[in-house]
Amino acid sequence: MIESDWQLALRREVLLVRRQMGSWINGVCFFVLIGFVYQLLLGSGLELSSQLSISLIWVLALMSIMLVAEHWIKPDITSGYYDSWLGQGRSLHVLMVVKMLIQWLVNGGILALIVPLLAFQLGLEVRLVPWLMLSIFLGSLACMCFCGFGAVITAGQSQSGVLLSIVVVPLNLPPLIFGIGLVIAQAEDFNHVPILAVLIAISLLAIALLPFAMSFGAKIVNE
Amino acid sequence: MLVLQKYFVLREEKPLFQPLDCHFKAGDLWLLQGDNGQGKTTLLRSVQGIYQEFSGTYTWNDSIKPIFIGHANGVHPALTVLENAQIICATLGLSTSQAALLQCMDILSIGLYDQTPANRLSAGQYRKVGLIPLVHPEARGRPWLIDEPFNALDINTCHFIEQLCLAHLKRQQLILMTSHQTVLSPELMALAQYIRLVSPISPTDTSCDSNNKLTVNEHNLI
């Protein structure tokens, strides 16, 4: 029986998440450690405003995603896996959609679960913590797609780190702004529904469109 | 099986070799020859539909997708040998029952390493993981496009791959192969036909030669 593109992509990405545990643990460690170091450097006398700690946690989450994005794409291109995939007339777009969704569920999910740890360290109000978790979980899908896109188009370069951040950081501003905005709206008792809707819309748009860009970019880089 | 007409591939909008007119028939073994960067790998990738920048036409008479074995052939360094075998064979549309794959790995003498991540293997073993589809029973009915199969392999495995190719030819299947290795087994040499890719700025012509020697300026077989 010949597996469909979706089944095969799913099977491969699940295997890769299991075997590449080092790569996403790397991102999670970065997230936690920098948060703790920041807390240490701050000392005890000073208290962070909730705005500052929310944006700090969000930026750390984004940076940890950027840190691991390279590992999603580069081995596939250097090992010529896309050759086998395209050579059998399979759709690279499907592979990219599945890759992003799996990475989001695992990576974004774990980042969101770790948020309380950092939030309590930085003294964020308890009632805001679930909202910060939600905003990071929802927003990280868009961040992953943008970072994945950056990883694809920089995969051919040897010094891809610099290029990746230049390409990816501006793209990530919308999810960042609305992700932080959602929690701040909660803190200040604004109406949060429109912000939540926009955040979800950005993520849905990203997962709908970016995989096309990624598969197109991967074809070019692969040649 | 496969017909090329006025066929050449382009890289950065420049042709890589002089146009080819060739007819590859079932049961043929064709060796692509040419200097480094002359387009051997690119030619294989483009008739497989991976590389799109070419001029002229290629026509497969059959709807069966050939099996393309590239340099690294999609072996992911983090996956174990067995997982790699499963993914690679599934991608090529071959069955992935564990028993069959373990048998393939035993044949290539990497069966002991089924749970070892590929990045812990030696270069030759790593290459063998990529060659697993060639020993897969279901690969017997499809044309093979193989890029540098002998790289990094020990001499026994090279002989074994040659035997595999011979058996494949006896089943009336097409093999297209690039190889820098000049010494093949006599049986295989007797069957091999050559295509020499020549740079477009070179005065000599690209030749398809069905005789067992290299000639230039002697054109097309069709």
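Screening A:A155 with (1) part of a helix (DSSP H, G or I); (2) surrounded by 17 or more Cβ atoms within 10 Å (Cβ to Cβ) gives one miss only, at (1). The criterion of at least 3 residues that are more than 12 Å from chain A (Cβ to nearest Cβ) and either more than 19 Å from the chain's Cα centre (by Cα) or at pLDDT 90 or above (or both) is met, among helices (runs of 4 or more DSSP H) falling completely within region B:39-121, by B:98-107. For region A:81-111, filtered to residues that are facing chain B (nearest Cβ under 7 Å) and free of Cβ contacts under 8 Å to residues at least 40 places away in the same chain, the residue that is most open to solvent (accessible area, probe 1.4 Å) is A:G89.
When the residues of region A:199-219 are filtered to those that are surrounded by 17 or more Cβ atoms within 10 Å (Cβ to Cβ) and aliphatic (A, V, I, L, M), which remaining residue is farthest from the other protein chains (Cβ to nearest Cβ)?
For region A:199-219, the residue satisfying everything is A:L199.
Being modelled with pLDDT of 90 or more and buried (at least 20 other Cβ atoms within 10 Å of the Cβ) holds for only one residue in A:W58, A:W6, and it is A:W58. For region B:149-172, does any single residue satisfy the condition of being within 12 Å of chain A (Cβ to nearest Cβ), of a type outside the set (S, T, N, Q) and in a helix (DSSP H, G or I)? For region B:149-172, residues within 12 Å of chain A (Cβ to nearest Cβ), of a type outside the set (S, T, N, Q) and in a helix (DSSP H, G or I): absent. Within region B:38-49, residues that are over 12 Å from B:F17 (Cα atoms) have Cβ atoms under 8 Å from residues that are aliphatic (A, V, I, L, M) and part of a helix (DSSP H, G or I) in these pairs: B:G49/A:L86, counting only partners at least 6 apart in sequence or on another chain. Going through (1) assigned to a helix (DSSP H, G or I); (2) farther than 22 Å from A:A61 by Cβ one by one, A:F190 falls short only on (1). Filtered by the rule that a residue be at pLDDT 90 or above and either open to solvent by less than 20 Å² (accessible area, probe 1.4 Å) or of a type outside the set (V, I, T) (or both), region A:29-52 gives A:C29, A:F30, A:F31, A:L33. Considering only residues in region B:20-39 that are among the small types (G, A, S) and open to solvent by 30 Å² or more (accessible area, probe 1.4 Å), the one that is nearest to A:I220 (Cα to Cα) turns out to be B:G37. Among the residues here, B:S210 qualifies as among the small types (G, A, S) and either under 16 Å from the mean Cα position of the chain (by Cα) or modelled with pLDDT under 85 (or both). Restrict the check to region B:155-166 and report whether at least one residue is under 30 Å from A:Q20 (Cβ atoms) and of a type in the set (S, T, Y). Yes; the residues of region B:155-166 include at least one that is under 30 Å from A:Q20 (Cβ atoms) and of a type in the set (S, T, Y). For region B:52-78, residues that are over 18 Å from B:M177 (Cα atoms) and charged (D, E, K, R) total 2.
Just one of (1) away from every other protein chain (no Cβ under 11 Å); (2) touching a strand residue (DSSP E or B) at 6+ places or on another chain (Cβ under 6 Å); (3) over 20 Å from B:P143 (Cα atoms); (4) surrounded by fewer than 21 Cβ atoms within 10 Å (Cβ to Cβ) fails for B:F17. It is (4).
Modelled with pLDDT of 85 or more, aliphatic (A, V, I, L, M), in contact with a Pro (Cβ under 6 Å, 6 or more places away or on another chain) and in a helix (DSSP H, G or I), is that true of B:I132? No, not satisfied.
Residues considered: A:I184, A:I207, A:I195, A:I202. Of these, the only one that is touching a residue at least 40 places away in the same chain (Cβ under 8 Å), in contact with a Leu (Cβ under 7 Å, 6 or more places away or on another chain) and in a helix (DSSP H, G or I) is A:I207.
Which one of these is of a type in the set (S, T, N, Q), at negative phi and open to solvent by less than 40 Å² (accessible area, probe 1.4 Å): A:N222, A:N191?
Answer to the selection: A:N222.
Only one of the numbered conditions (1) under 27 Å from A:V152 (Cα atoms); (2) open to solvent by 70 Å² or more (accessible area, probe 1.4 Å); (3) in contact with a Gly (Cβ under 9 Å, 6 or more places away or on another chain) is not met by A:I25, and that is (3).
The values are calculated or read from the model by the stated rules, or taken from the named source; none is laboratory data. In this text, all values refer to a predicted model and were calculated from it rather than measured experimentally. Every residue, glycine among them, receives a Cβ derived from its backbone with ideal geometry; neighbour counts consider all protein chains shown. The protein model used for the area step is the full one, side chains on, heavy atoms only, and it has no ligands, DNA or RNA in it. Shrake-Rupley method; radii C 1.70, N 1.55, O 1.52, S 1.80 Å.
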